[in-house]
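Asks: I have a structure I would like to understand better, so I am pasting it below and will then ask my questions one at a time.
Values in this text are rule-based calculations from the coordinates and carry no lab data. Note that the structure is predicted; figures quoted are calculated from it, not measured. Cβ atoms come from the backbone with ideal geometry, glycine included; neighbour counts cover every protein chain shown.
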Amino acid sequence: GLGQAEMYAGLQELGVANGEDLKETLTNCTEPLKAIEQFQTENGVLLPSLQYALPFLDLHGTPRLEFHQSVFDELREKLLERVSAIALEGKVEERYKKLEDLLEKSFSLVKMPSIQPVVMCVMKHLPKVPEKKLKLVMADKDLYKACAVEVKRQIWQDNQALFGDEVSPLLKQYILEKENILFSNDISFLQNFFSPSPKTRRQGEVVQKLTQMIGKNVKLYDMVLQFLRTLFLRTRNVHYCTLRAELLMSLHDLEISEICTVDPCHKFTWCLDACIREKFVDNKRARELQGFLDGVKKGQEQVLGDLSMILCDPFAINTLALSTIRHLQDLVGQDTLPRESPDLLLLLRMLSLGQGAWDMIDSQVFKEPKMEAELITRFLPLLMSFVVDDHTFTVDQKLPSEEKGPIPYPSTIPEAFTKFLQENRIACEIGLYYILHITKQRNKNAFLRLLPALVETFSDLAFSDIFLHLLSGNLTLLSDEFALEEFCTSLFDGFFLTACSRKENVHRHVLRLLLHLHHKVAPAKLESLQKALEPTKQSGEAVKELYNQLSEKLELRKPSPAEVTETPSMELPLPTVPTPASR
């Protein structure tokens with residue numbers, strides 16, 4: 001612990017006697033008992049009535065220390081209450097003047113554990129603690145730790161590196177939490193990564209802690225945003241974009257206008273947040289969002305960098321992509337072309353702004369990415385033709401068949417579709433969401449038709465964690481198909497296994513899926529998959545762990561030797577002959 005001398009260091013400055021003084025007195029005196037009594041009188045509690053009360057307590061065996069301690073605790077409570085009261089009363093200048101004087105008097109005792117809470121309380125209520133005191137606190141690990149967050153904010157706002165050290169572990173934790181959800185062993189089409197509402201997500205530990213650390217301090221808020229931008233640039237990890245939006249909306253929930261009014265993305269994010277809650281962009285909100293984008297003035301284009309980051313949040317992309325698929329289906333019913341739908345064009349505009357976030361922040365060229373005409377005139381009509389193929393096929397199935405045999409489901413994919421998925425980011429994103437959509441509809445034919453297009457996609461998007469997480473959830477709806485050799489060969493050999501060896505995350509997702517559905521897969525297929533998925537020397541811990549879990553499950557499934565010999569044997573039991581000992 002603290003050395004005695006250090007602990008009572010500040011007392012002498014205040015003219016209060018301490019242990020050293022008593023030691024000195026006792027060393028240089030002739031009658032120690034008298035000296036002690038005198039020291040007690042001079043330094044005791046100066047209340048006349050106590051003169052008679054203390055001997056009474058002595059009779060009851062209550063140590064003087066215990067008595068002084070309880071008086072002290074009582075006084076400290078009163079003082080803390082008083083400090084908090086001073087902070088709220090009178091004219092602003094006067095109350096802070098009182099607190100500053102108090103700090104000046106008490107700061108020298110800040111190392112005394114008994115007094116420390118009072119000093120900390122005074123600092124907590126001062127909007128501006130004197131620079132010199134902040135420097136002393138900062139230089140002392142224990143003092144810094146003991147500080148209220150209100151004082152730490154004053155230290156952080158001029159010490160970006162120190163603030164970064166505090167924030168960094170939280171950001172790491174946030175990314176880990178996101179990845180744990182994407183790789184979780186629970187696979188379901190009902191509950192997935194995108195299920196929690198924005199309000200629920202903002203209650204998460206990291207968002208709450210960061211909100212608490214920032215308080216109403218715009219400078220700290222800006223620093224956190226700067227950290228998020230830097231990390232997004234360094235890692236391309238889109239979860240930082242989610243945190244950017246969650247943090248702003250968390251401050252919005254607390255009505256911290258000091259920050260919300262100065263963040264130019266506030267209203268846009270608020271409106272988009274409502275869309276994410278509904279998982280759909282309705283017409284009214286679409287108009288509102290468009291107003292914000294059209295309202296970016298000359299000279300303020302930098303705000304596009306922030307808006308693009310808000311739109312790059314996977315929860316925003318998910319909402320925009322789902323809305324796009326719904327619009328395309330509506331257009332088929334209305335016999336309208338994509339280019340004739342302003343709502344659809346706005347969704348595409350926001351998707352490309354979101355997908356272009358990294359390039360924009362990296363290049364610092366703040367202008368909206370150009371929309372490729374081909375996307376609207378060729379790719380989306382292609383998707384619509386797939387929807388039509390499904391309608392036609394369904395209707396054909398219901399018609400009485402004259403002489404002609406059943407009409408087969410179209411099995412080829414237009415080459416243009418595959419090319420778009422490889423070369424155009426937005427097309428690829430929408431194409432993947434269309435595939436998720438047909439899987440969710442249990443449309444096996446359409447799924448198997450389009451699956452080959454996923455082997456090579458724009459920057460391997462079909463092998464990204466979010467897509468594979470959603471796909472495996474939706475595939476549970478087709479679980480009965482896993483008994484069919486053809487289905488498994490298309491899905492595993494034709495898609496998953498093409499990337500397993502070069503992409504660890506794909507390996508993990510396949511194992512997750514099999515852990516969930518192994519009992520549906522034909523035994524022969526399961527055996528060959530088990531061989532193909534065996535971890536290599538390079539495989540990480542997560543893959544090995546999943547593989548072991550799967551192997552254990554499959555062990556349990558194997559019939560026991562007793563079950564194998566089911567036909568009762570007709571031979572009479574042979575008498576057991578002892579085997580001759582081997583020479």
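Asks: Dividing the Cα radius of gyration by the Kirkwood radius, what Rg/Rh value follows for the range 90-148? Don't jump to the answer; show the numbers that get you there.
Replies: On the way: Rg = 11.2 Å, Rh = 11.7 Å.
On the Cα set of the range 90-148, Rg over Rh gives 0.96.
Asks: List the GluC sites (Glu not before Pro) within the range 218-286 that DSSP assigns to loop and that have no more than 10 neighbouring Cβ atoms inside 10 Å.
Replies: Glu255
Asks: If you filter the range 304-399 for GluC sites (Glu not before Pro), then keep DSSP loop positions with at most 16 other Cβ within 10 Å, what is left? List each step's numbers first, then the result.
Replies: On the way: sites: Glu340, Glu372, Glu374; in loops: Glu372.
When the GluC sites (Glu not before Pro) of the range 304-399 are filtered for loop state and at most 16 Cβ neighbours within 10 Å, nothing remains.
Asks: Another question, if that's okay. Taking the Cβ of Gly291 as the centre, find all other residues whose Cβ is under 12 Å away and add up their charges (Lys, Arg: +1; Asp, Glu: -1). Intermediate results must be reported in sequence, preceding the final value.
Replies: On the way: positive: Lys267, Lys284, Arg285, Arg287; negative: Glu288, Asp294.
Within the 12 Å Cβ shell, the charges total +2.
Asks: Still on this structure, please answer the following. Any of Lys531/Lys558; Lys23/Lys152; Lys124/Lys172 with alpha carbons more than 27 Å apart? Name them for me.
Replies: Long pairs (Cα-Cα over 27 Å): Lys23/Lys152; Lys124/Lys172.
Asks: Please list, in chain and number order, the residues 5+ apart from Thr457 or on another chain whose amide H is under 5 Å from its amide H, with Hs placed from the backbone.
Replies: Result for Thr457 returns Ala462.
Asks: While we're on this one: Would you kindly calculate the mean projected area, averaged across all directions, of the convex hull enclosing the Cα atoms of the range 251-320, in square nanometres?
Replies: Quarter of the Cα hull surface area: 4.8 nm².
Asks: What are the residues whose amide H is under 5 Å from the amide H of Thr336, where those residues sit 5 or more places off or on another chain and H is modelled from the backbone?
Replies: none
Asks: Continuing with the same structure: Taking a 21 Å limit on the Cα-Cα distance, which of the listed pairs Lys216/Lys297; Lys297/Lys367; Lys105/Lys128 fall beyond it?
Replies: Lys216/Lys297
Asks: Same structure again: Going through the range 334-429, which chymotrypsin sites (Phe, Trp or Tyr not before Pro) have at most 10 other Cβ atoms within 10 Å and a DSSP loop state?
Replies: Sites meeting the loop and neighbour criteria: none at all.
Asks: To continue, here is another question. Can you list the equivalent-ellipsoid semi-axes of the range 160-368, largest first and in whole Å, using the square root of 5 times each Cα gyration tensor eigenvalue?
Replies: Computed over the range 160-368, the values are 29, 21, 16 Å.
Asks: Same structure, new question: In Å and from the alpha-carbon atoms only, list the Rg and Dmax of the range 402-503.
Replies: 14.2, 51
Asks: For q values of 0.14, 0.22 Å⁻¹, compute log₁₀ I(q)/I(0) with the Debye formula on a Cα-only model of the range 170-209, without solvent.
Replies: With no solvent term, the Cα-only Debye profile gives -0.34, -0.78.
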